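Down below is the structure, laid out as structure tokens.
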Amino acid sequence: MGIETEDSWEPKIIAFLCKYCASAGADLAGVSRFKYPANILPITVPCSGSIDMQFVVRAFEMGADGVLIGGCHTPSDCHFLRGNFKALKRVALMKKMLEQIGIDPRRLRLEWISATEGKKFAEVAKEFVEEIRKLGPLGGGHE
Amino acid sequence: MNKKLRIAIVPGEVCGGCDMAFVDLHRNLIDLLGAVDIVFWPIATDFKEEDVEALDSIDIVFFQGSIRTEKHREIIEKVAEKAKIKVAFGACACFGGVPSLADLYALGEVIEEVYLKSPSTENEGGIIPGETVDNPYGILAPKLVDMNYKVDDFVDIDIYIPGCPPPKERILEAVDILVRYFEGRADVEKGTVIAGSRTLCDECPREKPEKIVIDKFKRIHEVKIDPNKCFLAQGIVCLGIVTRNGCGLPCIKANMPCRGCMGPAPNVYDVGAKLVSAIASLVEIENEPKLSDEEIATKARTIVDPAGLFYRFTLGLSRLIRVVKKK
Amino acid sequence: MSIITISPATRLEGEAEIRIVLDEGGNVKDAFFQIIEFRGFEKFCVGRPVEELPRIVTRICGVCPWAHHMASSKAVDMVFGREPTIAAKKIRELGYCAHILDSHSIHFYALSLPDFALTPSAPRRERSLIGLYRKNPELVKKVLEMRDRIIKVEEIIGGKAIHPVTSIPGGISKALSKEEVEEIRNHAKELLKFSIETVELFKGFLNKEEYKDIIFGDYYYLETYYAGLVDRNKKINFYDGKVRVVDKKGGEVFIFEPKDYLEYIGEKVVGWSYTKMPYLKKIGWKGLSTESGIYRVGPLGRLNASEGFATEKAQEYYEEFTEIFGKPAHHTMAYHLARVIEMVYASERMIELSEDKDILSRDIVNLEGEFSGFGVGIVEAPRGTLIHHYETDRHGITTKVNLIIPTTMNNPSINLDIRRAASKLIKKGEFDDKILNMVEMAFRAYDPCLACSTHNIPGGIKVYVGVYDSEGKLIRIIRR
Ligand code: SF4
Ligand code: SF4
Ligand code: SF4
Ligand code: FES
């Protein structure tokens, strides 16, 4: 991801998006011209419940400054019934653990975004990029 | 065998438990002493470093403990060069062990706590060992390194023997493999772990319900622990689900949950993150669909100390710690 | 012996170092015993749920993990305001007595006896348990057989012999079965015989001409205060009681409850060691000398600070001990005899407890109590009084940990003893391997557990002796 000086640093965000909702929402944002920042690298997954927190670790390790997880709304939108509940419990616990390890928990974010919420996706994305920008690059000490 | 095997046992930052595990081999130790030459072992012998320096080769070295000072690193690197087979012995050498928990804090904070803030300490001068000279001879304690490292951060390891300390049966198994290797009767694949290849849960005799449903996670002092039922099913976190089997389950049998000293089971990328995922998928919170998102999150967070619990013995392996510490 | 001359700029670094400073005439001007390891349990226990600490702090020391497990459990009982059930207390004490035997027997046979049985001037390759095995295989086999029994008892009660796991707030996680208690009793009876043999073995050295100087001479002699845990009758107890302190004449100066320890004990920080200098606050600190409230703990501290033992055979030996060394005994080498006498007590107490009917009770944990968030647990570790002090927030998450470790308590005395031994042994800059080993014997008597005090290699400390001229210029390093 290149060498950068403090001025040229841009937040890098990986987004794991459920194919049935958030990912479709992101596509919709694209076709409806709701602009969202290029800092976000979207990865489509079958369900938010299939996101192992080890993926999040890998993302941070590869240089991501923030990780966004997008799933279908609770309680009943998930195609695999309870996948989103799994994601919810995982993220809650993972944030707690990140904080203890010295990583600001705001760097991991969970959002429910349906296939029709293109606008919401664009807004979340923009907001998250700004939040991470304020936090600065990851690494270099306990946060 | 025409020649006795030359063995060195080299400590880094240790508690002494790994040494004791060797001593406790007892009769087997005596047999072993008949078959090998111990060329370096500080707890039981008066050998000094220069004896190691004088040796031209060592067949097997057992590294114990983690690496906390430059001195530890120097010695293990020196010995590693001379050794044919390098073994990481014990959780500290393999994964950083309990002392790695110190890396949840910055080093300066740790020092401050011990020498300035402890309630029985009187330190008007603000003396910090290793920094403040307070005698006419300029004598000072040496400085520490930035992090608690596992051994393979510095040298290549052929065999890992996990456990805190490693169980007797596994030590003997390792010795057996090594003896056969040097007799040309067995191969040693680099990175071999002397333990099982499954998880503790796979051999745990406790009753497990088909589906685990709990109200919230509990701490060990909050309940009377049922000696026959799976800990997780009682809401108590047990690390058996991601921990490598092979210890013989002494804790589980003593009615205490596993804390993971045998290290991660095969195919675990990051122990803490894996546990977060595994626990959330195994354990369902009662009435989940009827609760609000915040209520569910709160119940998941009833695991009070995920970092200290999940990485109890393996923080030195944590990839996240390395992300935090990278410059 | 190899003497290595290294330019003064070279860093001197080991796990423990003795630094001896000579004056112009080559005589000893000053000496430091420096422990340089550091691990910081006080900090990283913060943030952990307090009930988990008994399983974390064991890793301070793998030679005496039980002492930390016990002190920690007692502190945690207090944090939760839970009095352990009678059965739980007795089971803990039973396991703990086995541990005293474990630690004392390994220290005596593997670390001390070689100095005596093989003499201090034996070649250093021979000065070990392995050397002892070559000389007397039957004895070593016997020792190992006894240790198998000890470990069995520890495993039954603690789950694991090294790093036990069973003590929980208000009790213990696992009850004992009839068969288990039976087995423990059988082991205990054998261990008593073995302990008595051990005392007799050591007593044999007392009359030997070549050890007179070492044991009764003035190389190893220090007049200090002494401290130890005692029961209601001022008899030694390893698991529970009040801390009693006696002065240089053996008179009681105070006796206090564990929770009040901060009123009595302070610790000074020095820049040349990671180990602090504890002292008695009410006596005061006047620098590193016996003028300060320096006190000794461990076998010698306990025998001096108590009225002996509550069991028969141990008490008999205690009386013999006071006849030999006086009371209080200031001879540092008396530590060795005191230590083996304690093995006799521990075995006798194990027999007593294994015959107690409470030990079979199923009522092993008390879940009731009023949470206070503050706890102090004190036990007698093999090496002396051990203090664990915890504070927590209202959820029982640890916010403060203070640990005072026996080897740390003995640290000022070890320093003084080494200074004394060095000044008596090194004259006009002359010394050899034997003399340096004799300097080391001064601290070996304490069974210092650097593993505990900061923590590092127990007993088998690598010692570097650095010799400095009067300007503080390093003139020689001797790696020992
Ligand atoms: S692995 Fe365990 S027993 Fe071995 S040195 Fe580390 S803490 Fe001690
Ligand atoms: S979680 Fe623990 S108690 Fe449950 S089956 Fe696995 S190892 Fe056994
Ligand atoms: S049960 Fe768990 S903590 Fe206990 S010895 Fe086995 S792996 Fe280690
Ligand atoms: S299918 Fe979208 S979260 Fe499960």
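On alpha carbon coordinates alone, what is the Rg over Rh value for segment B:200-326, Rh being the Kirkwood radius? The partial results should precede the final answer.
On the way: Rg = 14.8 Å, Rh = 15.3 Å.
Computed over Cα atoms, the ratio is 0.97.
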TODO: Starting from the Cα of B:LYS3, draw a straight line to each of the aspartates and glutamates and keep only those under 20 Å, dropping any in the same chain fewer than 8 residues away.
DONE: B:ASP31, B:ASP37, B:ASP51, B:ASP56, B:ASP59, B:ASP176, B:GLU183, B:ASP187
Open item on the list: Please compute, for peptide C:54-64, the average count of beta-carbon atoms on other protein chains lying within 10 Å of each residue's beta-carbon.
Closed with: 6
Task: Selection from C:PHE194, C:ILE184, C:PHE254, by position along the positive dipole direction of segment C:180-268 (Cβ) - done: C:PHE254
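Over 21 Å between Cα atoms, which of B:LYS208/C:LYS152; B:LYS86/B:LYS253; C:LYS89/C:LYS193; C:LYS142/C:LYS193; C:LYS90/C:LYS174 qualify?
Details: B:LYS208/C:LYS152 30 Å; B:LYS86/B:LYS253 33 Å; C:LYS89/C:LYS193 26 Å; C:LYS142/C:LYS193 12 Å; C:LYS90/C:LYS174 13 Å.
The answer is B:LYS208/C:LYS152; B:LYS86/B:LYS253; C:LYS89/C:LYS193.
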- [ ] Find, among the trypsin sites (Lys or Arg not before Pro) in segment C:160-208, those assigned to loop by DSSP (not H, G, I, E, B) with at most 13 other beta-carbon atoms within 10 angstrom.
- [x] C:LYS208
Task: Prolate/oblate/rounded label for segment C:38-416 (Cα gyration tensor, a/c 1.5) - done: oblate
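Counting only DSSP beta bridges with both residues in segment C:38-416, what percent are antiparallel, rounded to the nearest 5? Don't jump to the answer; show the numbers that get you there.
Working: 33 of 35 bridges.
If we restrict to bridges inside segment C:38-416, about 95 percent are antiparallel.
Can you compute the charge dipole magnitude of segment A:13-133 about its Cα centre, using +1 on each Lys and Arg Cβ and -1 on each Asp and Glu Cβ, nothing else charged? Give it in debye, rounded to the nearest 20.
Numbers: 17 positive and 13 negative charges, 34 e Å.
Roughly 160 debye for segment A:13-133.
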Task: Which of A:THR74, A:PRO46, A:ALA24, positive extreme of dipole for segment A:13-133 (C-beta unit charges) - done: A:THR74
- [ ] Report, in degrees rounded to the nearest 10, the 0 to 90 angle that the Cα long axis of helix A:118-135 makes with the longest principal axis of chain A.
- [x] 20 degrees
TODO: Return the whole-Å distance between the Cα centroid of segment B:282-321 and the Cα centroid of segment C:277-356.
DONE: 48 Å
Task: Total accessible area lost when B and C pair, probe 1.4 Å, Å² to nearest 100 - done: 8500 Å²
- [ ] Show me C:402-412, C:137-147 ranked by packing, highest mean number of other Cβ atoms within 10 Å first.
- [x] C:402-412, C:137-147
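Give me the dipole magnitude in Debye, nearest 20, for segment C:38-416 about the Cα centre, with unit charges on the beta carbon: positive for Lys and Arg, negative for Asp and Glu. Before the final figure, lay out each step's value.
Details: 53 positive and 53 negative charges, 207 e Å.
Computed about the Cα centre, the dipole is about 1000 debye.
Calculated from DSSP H runs of 4 or more alone, at -39500 (n - 2.57) each and per residue, what is the 222 nm mean residue ellipticity of chain A, nearest 500?
Numbers: 4 runs with 56 residues, N = 143.
It lands at -12500 deg cm²/dmol.
In segment C:227-329, what GluC sites (Glu not before Pro) fall in a loop by DSSP, with at most 11 other Cβ atoms inside 10 Å?
C:GLU291
May I have the count of lysine pairs in chain A with C-alpha atoms under 13 Å apart, counting pairs 8 or more residues apart or located on different chains? Each step should come with its number before you reach the end.
Details: A:LYS12/A:LYS126; A:LYS12/A:LYS134; A:LYS35/A:LYS119; A:LYS35/A:LYS120; A:LYS35/A:LYS126; A:LYS126/A:LYS134.
Number of lysine pairs found: 6.
Give a quick list of GluC sites (Glu not before Pro) in segment C:349-430 that DSSP marks as loop, anything other than H, G, I, E or B, with at most 12 other Cβ atoms within 10 Å.
C:GLU368, C:GLU370
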TODO: Working from Cα positions, state the angle (0 to 90°, nearest 10) between the long axis of helix A:83-101 and the longest principal axis of chain A.
DONE: 10 degrees
Task: Max mean-square fluctuation residue, GNM over chain A, Cα-Cα springs under 10 Å, options A:LYS35, A:LYS89, A:LYS126 - done: A:LYS89
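Please compute, for peptide A:72-78, the average count of beta-carbon atoms on other protein chains lying within 10 Å of each residue's beta-carbon. Write down the numbers at each step before the final one.
Numbers: counts 0, 1, 6, 7, 1, 0, 0.
Counting Cβ atoms of other protein chains within 10 Å of each residue's Cβ and averaging gives 2.
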Task: Normalised contact order of segment B:200-326, rounded percent, pairs of Cα under 8 Å and 6 or more residues apart - done: 28 percent
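The values are calculated or read from the model by the stated rules, or taken from the named source; none is laboratory data. All of these numbers come straight from a predicted model, not from anything done at the bench. Virtual Cβ from ideal backbone geometry, glycine too; neighbours counted across all protein chains shown. Only protein heavy atoms, including side chains, enter the accessible area calculation; ligands, DNA and RNA are left aside. Shrake-Rupley method; radii C 1.70, N 1.55, O 1.52, S 1.80 Å.
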